[in-house]
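> One structure coming up, written as structure tokens, with questions to follow.
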Amino acid sequence: MSTVERRRTRFRRGETWAAYAFLSPWMIGFVIFMAIPMVASLVLSFTDYDALNAPRFAGWANYEEILADPKIAKSMANTMIYTVLAVPAHMAVSLALASLLARVGRRSAGFFRTVFYLPEVTPKVAVGVLFLLLFNGQVGVVNAALGAIGIEGPQWSTDDLWVKPGLVLMHLWSVGSTVVIYLAALKNVPSELYEAAEIDGASAWQRFRKITVPMISGALFFTLIVQTIAALQTFDEAYTAFYGSASSASYSSDAALFYLIYLFQQAFQFLHMGYASAMAWLLFLVILAITAIQVRLSKRFVHYEGR
């Protein structure tokens, strides 16, 4: 091996070790805070454990109980309905706002990007409390605004039919991060494509459907997966609004009982840690299956410029 080759080899090894050094904080954090707890929860899912006494091996009892528990089906159904409503609404509103931002000047765009992103840093618990203030059936701001135009607003927080749509509307409060992603994607669409389409006589809708959507489909696919996973794990706003506040102490309906809320109750209210661990792994498998389906279907709809 020549001197030059030896120097290149040493340089590459140095770069490799430097990469590992920069990655090590994340790798250590992943092992300590993700990998080890996941393995521990898998072990606990086969035990009867109440956090006060030593775990006792229970075999498949927790998983058999999940199949027989009616609240598992109810909470999972609530979560799925919320996901089906929230994810498309989130993406549509974000894309609409991003499209508007793409048309304004640079100075104004910077200001509005900040305005749209600010709700992202609002604590989720505060958003849950805000839900009670805005969507109160008697004195809420939303119903007051609807009444001003002659529409009688529903009982958002007590009517089972409107609980989830109300939470979806509240969820749209925080679309800022998705707006920023879509705006960056829209900025990367070549203007020549729009100019050629206009010359060919394409309408605004045709340009959007045939050019904009395919060219930003990668960003759309990314946010679809992220928002689906987030919706399936929704907890903070619903728990604060319906289970964690003094005003909701008498709330007895299961319309807002999402899967993660029921998991939390089993773990920290009833101290059924083994059962809650089994529930967590069931949710993990559901998310894994849905994500795999989305990735599989993406090959038909997602366009990448290099392909």
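> Relative contact order for the chain: what is it in percent, counting Cα pairs under 8 Å that are at least 6 residues apart?
28
> Here's another thing I want to ask about it. Need one number: nm distance between label points at LYS210 and ILE149, each 7 Å from Cα along Cα→Cβ, rounded to one decimal.
Computed distance between label sites LYS210 and ILE149 equals 3.4 nm.
> Consider all pairwise Cα distances in the stretch 22-154 and report the whole-number % of them above 19 Å.
So the pairs more than 19 Å apart make up 78 percent of the total in the stretch 22-154.
> When the expected Rg is taken as 2.2 N^0.38 Å, what fraction or multiple of it is the alpha-carbon Rg of the chain?
1.26
> For the stretch 65-301, compute the number of Lys pairs whose alpha carbons are separated by less than 23 Å, excluding pairs fewer than 8 positions apart on the same chain.
Close lysine pairs found across the stretch 65-301: 5.
> Summing Lys, Arg as +1 and Asp, Glu as -1, what charge do residues with Cβ under 11 Å from the Cβ of TRP173 carry, TRP173 excluded?
Value of the local net charge: -1.
> Measuring from centroid to centroid over Cα atoms, what is the spacing of the stretch 6-54 and the stretch 130-179 in Å?
Between the Cα centres of the stretch 6-54 and the stretch 130-179 lies a distance of 42 Å.
> Could you put TRP205, TRP173 in order, starting from the residue whose Cβ has the fewest other Cβ atoms within 10 Å?
TRP205, TRP173
> Taking amide H positions as placed 1.01 Å from N in the peptide plane, with prolines and chain starts having none, which residues 5 or more places from THR47, or on another chain, fall under 5 Å of its amide H?
ALA58
> When a footprinting reagent is the concern and you count Cβ atoms within 10 Å, what order do TRP156, TRP60, TRP26 take, fewest first?
In increasing order of surrounding Cβ atoms, one gets TRP26, TRP60, TRP156.
Bear in mind these aren't lab numbers, they're just calculated from the coordinates by the rules spelled out. All figures in this text were calculated on a predicted structure; none of them were measured in a lab. Don't worry about glycine lacking a Cβ; one is built from the backbone with ideal geometry, like all the others, and counts go over all protein chains shown.
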